[in-house]
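The next block holds one structure in the form of structure tokens; read it before the comments.
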Amino acid sequence: MIGLYREGSSALHTLPASVKLAALLVAGVGATFVRSPTATGAALVVVVLGYALARLSPRVLLAMLRPLLFIVVPLGIFHVVVTGWSRAVVVVGVIVALVLLANLVTLTTRTSDLIDVVVRVCSPLRRIGVNPERVGLMLQLAIRAVPLVVDLARRVRDAQHARGLAASPRAFAVPLIVGALRRADDLGDALAARGLDD
């Protein structure tokens, strides 16, 4: 989950948000050049050491890994069958390392600090008509929407189980989509009421 800042006084917590975002960008670009399981393992070790440096418990690390299993396990099996175990380790390892690194940034950086960096980076685009503050607002709303949709999905799933419809994808998807659209409409009305309807 993004946006779950954990209070702390570690070296990573005190590092400026701009430095952490730049490191994340460099890591994302560098990940395209990883070709061996050894390099992948080294990247994973560095990320895990980052969690230790930030004084985050192993439980937090495992909580970040759990949602990834639904993606990386099928992806890993596919690559083992199609391209071999070596490539599977690289692909899965790089994805896990990048996701854990991105989560480490959000766990050690306040969302407001991340938004401020994005607004500063977008400032030169003001010359071509882009409003950096609105870009920041859009990003803030997107970050806030993730836990809201997850909470809505959990409540829909609970209601689905209570009605004995656990095996029906339609009974889950329809209320989830309708609820998400209703929240989006409410948010749009709130923004329009504050003069942000254009």
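Can you tell me which residues in the range 20-45 are surrounded by 11 or more Cβ atoms within 10 Å (Cβ to Cβ), under 14 Å from Val105 (Cβ atoms) and of a type in the set (A, V, I, L, M)?
Answer for the range 20-45, where residues must be surrounded by 11 or more Cβ atoms within 10 Å (Cβ to Cβ), under 14 Å from Val105 (Cβ atoms) and of a type in the set (A, V, I, L, M): Leu21, Ala22, Ala23, Leu24, Ala27.
What do you reckon, is Pro67 under 25 Å from Val146 (Cβ atoms), at pLDDT below 90 and of a type outside the set (A, V, I, L, M, F, W, C)?
Considered against the rule, which asks whether it is under 25 Å from Val146 (Cβ atoms), at pLDDT below 90 and of a type outside the set (A, V, I, L, M, F, W, C), Pro67 comes out as yes.
Hey, does the range 147-164 have a residue that's surrounded by 12 or more Cβ atoms within 10 Å (Cβ to Cβ), modelled with pLDDT under 85 and within 28 Å of Ala11 (Cα to Cα)?
yes
So which of Gly136, Gly93 ends up being touching an Asp or Glu at 6+ places or on another chain (Cβ under 9 Å) and crowded, with 18+ Cβ neighbours inside 10 Å?
Every option except Gly136 fails the conditions.
Condition test on Asp198, is it loosely packed, with under 11 Cβ neighbours inside 10 Å and either modelled with pLDDT of 85 or more or not basic (Lys, Arg) (or both)?
yes
Quick one: which of Val89, Val121 is modelled with pLDDT of 90 or more and either among the aliphatic types (A, V, I, L, M) or closer than 22 Å to Arg59 by Cα (or both)?
When all the criteria are applied, what remains is Val89.
Only one residue in Leu75, Leu62, Leu68 is under 20 Å from the mean Cα position of the chain (by Cα), more than 29 Å from Val118 (Cβ to Cβ), surrounded by 14 or more Cβ atoms within 10 Å (Cβ to Cβ) and aliphatic (A, V, I, L, M), so which one is that?
Step by step, each of Leu75, Leu62, Leu68 is checked, and only Leu75 is under 20 Å from the mean Cα position of the chain (by Cα), more than 29 Å from Val118 (Cβ to Cβ), surrounded by 14 or more Cβ atoms within 10 Å (Cβ to Cβ) and aliphatic (A, V, I, L, M).
For (1) closer than 20 Å to Arg120 by Cβ; (2) modelled with pLDDT of 90 or more, each residue gets a yes or a no:
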{"position": "Lys20", "(1), (2)": "yes, yes"}
{"position": "Ala23", "(1), (2)": "yes, yes"}
{"position": "Ala27", "(1), (2)": "no, yes"}
{"position": "Gly30", "(1), (2)": "no, yes"}
{"position": "Thr38", "(1), (2)": "no, yes"}
{"position": "Ala43", "(1), (2)": "no, yes"}
{"position": "Val46", "(1), (2)": "no, yes"}
{"position": "Ala52", "(1), (2)": "no, yes"}
{"position": "Leu56", "(1), (2)": "no, no"}
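The values are calculated or read from the model by the stated rules, or taken from the named source; none is laboratory data. All figures in this text were calculated on a predicted structure; none of them were measured in a lab. A quick note on method: Cβ atoms are made from the backbone with ideal geometry, for glycine too, and the neighbour counts reach across all protein chains shown.
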